[in-house]
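Encoded as C-alpha cells, the structure appears first; notes follow it.
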Amino acid sequence: MTSIHKGFVALAKIGSAHGLAGDLRVRFFSDDPDACCRRSPFFLAPDPAAGQLVCVRRQHGKTMDVAHFQGVDTREAAEALNGQLLYQERSVFPPARDDEYYLADLIGLEVMRASDHSRIGTVTDIVANDVLGVCDAHTGTMRYLPFTNAALPDIDLAKGVILAEDMYLE
C-alpha cells in the first residue's frame, strides 16, 4: 500500500538490517529505484523538518533491494529504521507526460459515475500501484477500482474529477 500525503510521496519502505555495516533491505514502490536514490534526500516523515536520509549506494536483491544511507553505519542504527517509510517531496519529480499520472496526484480526486456524473466518492488510497481506494460518499465505506482505462476512462486533474464506468461500480 502506498502512503501519500499532501506534498510528499512515500517511495519506499525500510525492512530489516542486512549485514553489520548499516545496510538495509528496502522495498521501493517505484519502477525506477535508481531515480529515487538520485533525487535524495528521503524524509522519514511527510514533513520537511523530518529526519533525512541520503542514499549512497543501492543494489538489486532477490526480493528487496539493499541500500546504504549516509550516517547509518551500524547494524543497530539500521535496525532502528526497520518499518519506516521513506518520503520525497512531490516537487522534485518532473511533470507527468500526457495521459500519465503520478499516483500521488490522484489522492483527493472526486470519482463520479460516467453515465450520469453522480458522485461516488473520493480517492483516499492507492493499493499496489494499480487499484484506487475510494471512500464512498454515501456510506463512508471503501470501494476499490482498478486503475485502468476501461474502468476509469476520463481523469481530469484540473477539475479534480475521475469518471468511472458503471460496470466497475456495481
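Just a few scattered comments:
- Taken over region 145-155, residues that are surrounded by fewer than 17 Cβ atoms within 10 Å (Cβ to Cβ) and assigned to a loop (DSSP other than H, G, I, E, B) amount to 4.
- Taking the listed residues L81, L109, L53, L86, the one that is under 25 Å from P146 (Cβ atoms) and of a type in the set (A, V, I, L, M) is L109, with no other qualifying.
- Residue satisfying all of: in region 76-108; buried (at least 17 other Cβ atoms within 10 Å of the Cβ) and at pLDDT 95 or above; nearest to G121 (Cα to Cα) among these: L81
- Filter result (assigned to a strand (DSSP E or B), assigned by TED's automatic domain parsing to the domain that holds Y144 and among the hydrophobic types (A, V, I, L, M, F, W, C)) within region 75-127: V111, M112, I120, V123, I126, V127
- Per-region count, region 128-144, residues over 19 Å from the mean Cα position of the chain (by Cα) and either hydroxyl-bearing (S, T, Y) or assigned to a loop (DSSP other than H, G, I, E, B) (or both): 5
- Test: A158 is in the same structural domain as L11 (by TED's automatic domain parsing), surrounded by fewer than 18 Cβ atoms within 10 Å (Cβ to Cβ), out of contact with any helix residue (DSSP H, G or I) (no Cβ under 9 Å at 6 or more places or on another chain) and without any contact (Cβ under 8 Å) to a residue 12 or more places away in the chain: no
The values are calculated or read from the model by the stated rules, or taken from the named source; none is laboratory data. A quick note: this is a predicted structure, and the numbers were derived from the prediction, not measured. Cβ: placed from backbone, ideal geometry, glycine included. Neighbour counts: every protein chain shown.
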